[in-house]
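Step one of this worksheet: look at the structure below.
The values are calculated or read from the model by the stated rules, or taken from the named source; none is laboratory data. Note that the coordinates shown come from a computational prediction; the quantities given were computed from them, not determined experimentally. FYI the Cβ positions are ideal-geometry reconstructions off the backbone, even for glycines, and counts take in every protein chain you see. Please note that ligands, DNA and RNA were not included when accessible areas were found on the heavy atoms of the full protein model with its side chains. Shrake-Rupley method; radii C 1.70, N 1.55, O 1.52, S 1.80 Å.
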Amino acid sequence: MMTPGNLSGQGDRRVALVTGGARGIGLEIVRRLLADGYQVAFVATRAEHVERALESLSCPEDRLYAEAIDVTRQNEVERFIDRVQARWGDIATLVNNAGISPKRADQDAPWLSQMSLEEWARVIDVNLKGPFILIRLLAPEMIAKGYGRIINIGSLAGRAMPLIAGPHYATSKAGLVGLTRAAARDLAPNGITVNCIAPGRILSDLTGPPEAVVNRSALSRIPVGRFGTAEEVAHVVAFLASPLAGFITGATIDITGGEFAA
Ligand code: NDP
């Protein structure tokens, strides 16, 4: 029986690339795809985080490969992809998970008027240009193969009134929904699906500890009465990456515990 984790008969579709795989949601996505039988390559910015993740995953080198690179630098991404392909062949699954969300101590201060162009550009670059670079570089080999799975990690902040995130973050994640639809339209005739997952509040380094004031107040808005887990996001990635999800493309799937602020 076909299950999301069953890769039998998928011999040339086993290689997955995950960005931001060293911590939080990305690390759980890496863990889940490894458990499902993929060979997984991941990147993060800091070498010590990459090393720590590799140690915690403790997986043989023929299943797991990682480097510290910045997804906004096309030449670094290109070289990384070359090295993954040299080891394992074509990459059939891409998970654009790397993201940043700079916060302000004073959440009520007006952000747009006070934000530097540099801060704005950095968030748009990591959260939106990075996924574009990865999609652009990997699409040709997926097209040649006639198969591909692209999963972008968006955010509730890009789908609803952003209550905690900054305007640059909300804009980048709303843009990712647009990029998902545009790429899905472009690549559908080639057997490639492109989808977006929009998590609500998931505890990680990005969101901080549950007892933080901002999280206590966020909890009161989540109908199911708890935060989400990185594993719950990873389950949906595993499903979208599987052959079972072949008729889902251009979609954005909310994982928010029912939260959808207007
Ligand atoms: P974390 O901050 O815990 O982890 C982010 C990961 O991305 C880290 O491994 C980091 O590398 C990596 N990264 C950041 N910038 C770059 C870059 N320029 N190049 C390569 N790697 C980079 O975040 P989360 O796990 O919480 O979030 C993962 C994704 O989910 C993000 O896109 C986020 O926007 C989204 N999301 C998260 C939510 C949440 O509640 N946590 C809610 C909605 C969306 P390093 O470890 O080296 O710093």
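Is it the case, given these coordinates, that SER58 is more than 16 Å from the ligand (Cβ to nearest atom), modelled with pLDDT of 95 or more and open to solvent by 60 Å² or more (accessible area, probe 1.4 Å)?
yes
Condition check ((1) over 20 Å from GLY158 (Cα atoms); (2) among the aliphatic types (A, V, I, L, M); (3) crowded, with 20+ Cβ neighbours inside 10 Å) across all residues:
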{"residue": "ARG63", "(1), (2), (3)": "yes, no, no"}
{"residue": "ALA66", "(1), (2), (3)": "yes, yes, yes"}
{"residue": "GLN74", "(1), (2), (3)": "yes, no, no"}
{"residue": "GLN85", "(1), (2), (3)": "yes, no, no"}
{"residue": "GLY89", "(1), (2), (3)": "yes, no, no"}
{"residue": "THR93", "(1), (2), (3)": "yes, no, yes"}
{"residue": "ALA105", "(1), (2), (3)": "yes, yes, no"}
{"residue": "LEU128", "(1), (2), (3)": "no, yes, yes"}
{"residue": "LEU137", "(1), (2), (3)": "yes, yes, no"}
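Could you grab me the full set of residues in region 136-164 that are within 12 Å of the ligand (Cβ to nearest atom), closer than 22 Å to VAL18 by Cβ and of a type in the set (Gly, Ala, Ser)?
GLY154, SER155, ALA157, GLY158
Are any residues in region 215-237 exposed (fewer than 14 other Cβ atoms within 10 Å of the Cβ) and assigned to a helix (DSSP H, G or I), and if so, which ones?
Correct list: ARG216, SER217, GLU231.
Can you say whether GLY21 is modelled with pLDDT of 95 or more, under 18 Å from PHE80 (Cβ atoms), in a loop (DSSP other than H, G, I, E, B) and open to solvent by less than 40 Å² (accessible area, probe 1.4 Å), as far as the supplied structure shows?
yes
Taking the condition over 14 Å from the mean Cα position of the chain (by Cα), open to solvent by 60 Å² or more (accessible area, probe 1.4 Å) and either within 14 Å of the ligand (Cβ to nearest atom) or at pLDDT below 95 (or both), does PRO110 pass?
yes
Specify which of the listed residues (ILE124, ILE100, ILE153) is touching a helix residue (DSSP H, G or I) at 6+ places or on another chain (Cβ under 7 Å), surrounded by fewer than 20 Cβ atoms within 10 Å (Cβ to Cβ), among the β-branched types (Val, Ile, Thr) and within 23 Å of ALA218 (Cβ to Cβ).
Selected residue: ILE100, the only one of ILE124, ILE100, ILE153 that is touching a helix residue (DSSP H, G or I) at 6+ places or on another chain (Cβ under 7 Å), surrounded by fewer than 20 Cβ atoms within 10 Å (Cβ to Cβ), among the β-branched types (Val, Ile, Thr) and within 23 Å of ALA218 (Cβ to Cβ).
Read through the list (1) modelled with pLDDT under 95; (2) crowded, with 18+ Cβ neighbours inside 10 Å, then give the number of the only condition that ILE192 fails.
If we test ILE192 against (1) modelled with pLDDT under 95; (2) crowded, with 18+ Cβ neighbours inside 10 Å, just (1) comes out false.
Could you check region 34-48 and list, in sequence order, the residues that are open to solvent by less than 30 Å² (accessible area, probe 1.4 Å) and more than 13 Å from the chain's Cα centre (by Cα)?
Those that are open to solvent by less than 30 Å² (accessible area, probe 1.4 Å) and more than 13 Å from the chain's Cα centre (by Cα): LEU34, ASP36, GLY37, TYR38, VAL40, ALA41.
Quick check on my filter: what residues within region 22-43 are more than 17 Å from VAL233 (Cβ to Cβ) and within 10 Å of the ligand (Cβ to nearest atom)?
Within region 22-43, just VAL43 meets the criteria.
Kindly check whether there is at least one residue in region 171-188 that is under 19 Å from the mean Cα position of the chain (by Cα), among the acidic types (Asp, Glu) and more than 9 Å from the ligand (Cβ to nearest atom).
no
Scan LEU206, LEU179, LEU240 and give me the residue that is open to solvent by less than 30 Å² (accessible area, probe 1.4 Å) and closer than 21 Å to THR19 by Cβ.
LEU240
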